[in-house]
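Have a look at the structure below, then the notes.
The values are calculated or read from the model by the stated rules, or taken from the named source; none is laboratory data. For clarity, every value in this text was computed on a predicted model and none was experimentally measured. Here the Cβ positions follow ideal geometry from the backbone for every residue, glycine too, while neighbour counts run over all protein chains shown. Surface areas here come from the heavy atoms of the whole protein model, side chains and all, with no ligands, DNA or RNA. Shrake-Rupley method; radii C 1.70, N 1.55, O 1.52, S 1.80 Å.
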Amino acid sequence: MAVEGSYLYYDELAAVMPLNITPEDSASFADAFVRNWVSEQLFYRNADRNIADTREIDALVENYRKELIVHMYEKKLVEQKLAGEISSYEIQTFYEGNQELFTLEEPLLKGVCIKLPANTPGIATVRKLYMKTDDTSMDELEKYCIRNAVYYEAFYDNWKSLSQIAAVIPHLDKYQESELRSNRSIEVKDDEFVYFLNVTDLVGKGETAPMERVSDEIRRLLRNSQEVSFIERIKGELYDNALEKNRIEFYNK
C-alpha cells in the first residue's frame, strides 16, 4: 500500500499483529491499522504543505540528533573505560559520612506477617509459633502457612516499611511506634481474616536507615558520580588537546 510516496509493507503489519488472534479479529485489526496508517500519512502530508517555514523544526531535529549521539557515545565510553564495581568499603564510607541523607520518614521492620481466613482450622498453631524464631518453629509455621494462609511473608533478613505491612494488616498504621517497640507481637481480627505480625527488629521514624536498606541507592549514587566525573574529565582533555593544537579560534567582540 502507498500514500503519496510512503509505503506500508505486509511485514510491518504482521509485526504488530497480536498473537493467537482469530481470522475474523485479524481482518478487523488489519483494517483498523491500515486506516489509521493512511490517515496519519494524509494528515502529515497536509501539515507539511501548510507549514512553509520548517527552520525551527529542523533546528529541533538537529539538536535532538546531537543529544542522541552524545548520549550513545557517553554510554559507550563508560562501558569501555569505566570498569569495576563500587566496593563495599566505598559504600560504607559514603554511608557513614552522609547519614543525614538516609533519615527514615516511617519505621522499618523485620519479622513475619501472616493473613489467615478466620475459619482456618488450627489457628492456635500459629499463635504458638509465630513469635518464635528457632529453625524448627519457623519451619513448622512456614509449612502451615503454605497450606492455609492467604498471605505469608517471613522477612527476618530484609527490612519492610510500616506502610508495606499496613497494606496487608488493616489498621496497623494506627499503632504508634512506641507500641510496636513494647508489643512486638500483634494479632488483629475482622469478620473474614485473622492477621499476625511478629516484629523481630525495628528502626524508628527519624532514625538513620540501616546501610543494608540503602546500599543499592548508595551504589547508584556513587556510580553516577563516577560517570559524571569521568565524562567531565574526557571533555576537559578534549578541550585542552584542541587548545594545544590550535583547533579553537577565538574572536574578539
When the charge dipole of the chain is computed with +1 at the Cβ of Lys and Arg and -1 at the Cβ of Asp and Glu, the Cα pointing farthest to the positive end, of 138, 150, 32, is that of 138
Please state the charge dipole magnitude for the stretch 121-248, taken about the Cα centre, from unit charges on C-beta atoms (+1 on K and R, -1 on D and E), reported in debye and rounded to the nearest 20. 240
Give the residue list of GluC sites (Glu not before Pro) in the stretch 171-239 that are DSSP loop and have at most 13 other beta-carbon atoms within 10 angstrom. 192
Charge sum, other residues only, whose C-beta stays under 15 Å from residue 158's C-beta, Lys/Arg counted +1 and Asp/Glu -1: -3
Residue 125 and residue 82 label points (each 7 Å along its Cα→Cβ direction) are spaced in nm at 5.4
Among the lysines, select those whose C-alpha is under 28 Å from the C-alpha of residue 132, and discard any that sit fewer than 8 residues away in the same chain. 110, 115, 143, 160, 174, 189, 205
If unit charges are put on Cβ atoms (+1 for Lys and Arg, -1 for Asp and Glu) and the dipole of the stretch 7-164 is taken about its Cα centre, the option from 72, 112, 86 lying farthest towards the positive end turns out to be 112
When the Debye formula is applied to the Cα atoms of the stretch 32-72, each taken as the same point scatterer, what base-10 log of I(q)/I(0) results at q = 0.20, 0.23, 0.25, 0.28 Å⁻¹? -0.74, -0.77, -0.79, -0.84
Which length gain, in nm to one decimal place, applies between residue 142 and residue 6 when the Cα-Cα distance is subtracted from 0.36 nm times their residue separation? 42.7 nm
Local electrostatic count at residue 29 - Lys and Arg +1, Asp and Glu -1, tallied over other residues with Cβ under 15 Å: -3
Which three extents, in angstrom, do the Cα atoms of the stretch 56-200 have along their principal axes, listed largest first? 71, 41, 31
Using only the alpha carbons of the chain, what is the convex hull's orientation-averaged projected area in square nanometres? 28.7
Keeping all protein chains in place, calculate the accessible area per residue for the stretch 102-176 (probe 1.4 angstrom), answer in Å². 53
Given the C-alpha centroids of the stretch 228-247 and the stretch 27-78, what is the distance between them in whole angstrom? 34
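Once neighbouring chains are kept in place and the probe is 1.4 Å, which whole percent of the accessible area of the stretch 1-113 is contributed by carbon and sulfur?
It is 55 percent, rounded to a whole number.
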Taking a ≥ b ≥ c as the square roots of the Cα gyration tensor eigenvalues, with a/c under 1.5 meaning rounded and otherwise prolate when a/b beats b/c, else oblate, which class fits the stretch 1-79? oblate
